[in-house]
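Working notes, structure below.
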Amino acid sequence: MKKLIIVFIITALMLSLISCGKSNEVKTSANKEQNSSSDNSVKNDVQQDKDSEDSQVTSATPKDPQTTPKPLEDKNVEVLKQENIDIDGDKKTEKIEILKIKQDSEGSGENREYEGKLRITDDNGTEDLTFIKKQAGLAGVYSNIEYNDLDGDGVLDIFIEIPEVGSSFTMSYFFIYNPKTKSSYKFVEDNQYINLRNLADSFSFDYVGSGTLEIASSRFGYKGRLNISDGRQDTSEEMFLGYNRSWVEPVPIEMGADSRLMLVRTHEGKTEIKIPMCIFGLATADIIGEVDAYYTVDNSFKPVLKRLEIIDYGKDNKLNIIGNIKVN
Ligand SMILES: [Ca+2]
Ligand SMILES: [Ca+2]
C-alpha cells in the first residue's frame, strides 16, 4: 500500500512538472513571436498580450503558436491591390495600395460596411484617403485602378472604379485623385457636376411608324432615329406604339467591355470619362440603345460634360452611332 502511495505521488509530481514545462514552452514561443514580429505597432503587441492572457484563463491546453489568431487589426484589413509607380514624376516610385477595411458596425454578412482606402507611401510618409464607405455585398469596394493625367497638369492622377449592383444590372462609379494638388472628386451618386437624372430626363421618345423610334432632347436641340424593328418576332404597330414609353436609365450601367464607365482617349490626346446610360424599350430586358456621356476634368479637378453620343443597337448587337452632341 505504501509503495502504491509513493508511486502515485511520483506520478503526480511528474505530471505537474510536464505541465509546467509546457506552459513555459508556450510563453517562450509567444515571446519569440513578439520579438520577431516587425515593429508593426504598439496596438498589435497589446492585442497579443491580451490574447495570451485570455487563453491562459479560458483553457489550460497549450496553444500552438501557428494557430494563434492574428491581431484584430490585420483581420479587418485586406490588401486588394499593391503596386509601385512614380505617380508624382519625381523619379522615385511610390507604393500604391488599395485596402478593404471591415468596419466595426452592427451589420453582418452582406450588410456589413466596408471602407475602401487608397494608401500612398513614399520617403516622406504615408497618405491615406478613404474613397468609399459602403456595404460591399456582391460587388465589393473596388474593381479597377488607372493612372492618367485627367486635368492636364502634366502629372498622373489616380482613377479608381467603384463597383455597384443595381436591381437587375451592374454599375460602376469612380473616385479620382490628383496627388500633386491633393484634389479629389467622387461620383457615387448624382451631384452638381455629374447629374445623370437630369441628362436622362431631357430625352423623349416618339414612335413614328415603320419600326422607327424618334429620340429627342429639347435641352440639347437633338433629334435622332432608332431602328427598333431588327430581329423582333412581333412587329405589329400596336406593339411598336409601346415604345413611346421608352426611357434612358439614369445610372452608369455596365453592358459590355466597351459599354461601361471607363477612361477613353480622344484624338487630341485628352482623357475623357465615359459614362454609358441604357435606353430601355418595353422593359429593362429590352435594351434598344445607349446614351454615352463624356466628361473631362477641369483645372479645379471637377468633371465637365463635354459631349453625348447616342447609339442605336442594330442587328447582331451592332452599335450604330446616330447622334453626336457637343455640349462644352
Ligand atoms: Ca514619385
Ligand atoms: Ca493630372
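Please treat every number below as a calculation from the coordinates, not as lab data. Predicted, not measured: the structure shown is a model, and the values here were computed from it. Cβ placement follows ideal geometry from the backbone for every residue including glycine, while neighbour counts extend to all protein chains displayed.
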- For the stretch 196-326, averaging the sequence separation of alpha carbon pairs under 8 Å that lie six or more residues apart and dividing by its residue count, the contact order in percent is 18
- Note on the structure: Using alpha-carbon coordinates alone, the radius of gyration and Dmax of the stretch 174-225 in Å work out to 17.5, 56
- Query: Projected onto the charge dipole of the stretch 196-326 (+1 at Lys/Arg Cβ, -1 at Asp/Glu Cβ, origin at the Cα centre), which of Tyr294, Tyr313, Asn198 gives the Cα projection farthest towards the positive end?
  - Reply: Tyr294
- Do any of Lys91/Lys182; Lys134/Lys180; Lys81/Lys134 go past 24 Å between their Cα atoms, and which? Lys134/Lys180
- Query: Would you list Arg245, Arg260 from fewest to most Cβ contacts within 10 Å?
  - Reply: Arg245, Arg260
- Message: Which log10 I(q)/I(0) values does the stretch 74-187 give at q = 0.13, 0.22, 0.24 Å⁻¹ under the Debye formula, counting every alpha carbon as one identical point scatterer?
- Response: -0.52, -1.25, -1.40
- Query: Say each of Arg219 and Lys180 gets a label point 7 Å from the Cα, pointing the same way as Cα to Cβ; how far apart are those two points in nm?
  - Reply: 3.3
- Task: For the stretch 182-190, take each phi angle, set θ = phi - 60°, evaluate the Karplus expression 6.51 cos²θ - 1.76 cosθ + 1.60, and give the result in whole Hz per residue in order, putting x for glycine and proline.
- Result: 6, 7, 9, 8, 10, 10, 10, 6, 4
- Expressed to one decimal in nm², the mean projection of the alpha carbon convex hull of the stretch 190-314 is 8.4
- Could you sort 275-288, 204-217, 79-92 so that the peptide with the highest average Cβ count within 10 Å comes first and the rest follow in order? 275-288, 204-217, 79-92
- Note on the structure: Loop-resident chymotrypsin sites (Phe, Trp or Tyr not before Pro) in the stretch 91-200 with no more than 16 other Cβ atoms inside 10 Å, DSSP not H/G/I/E/B, are Phe169, Tyr193
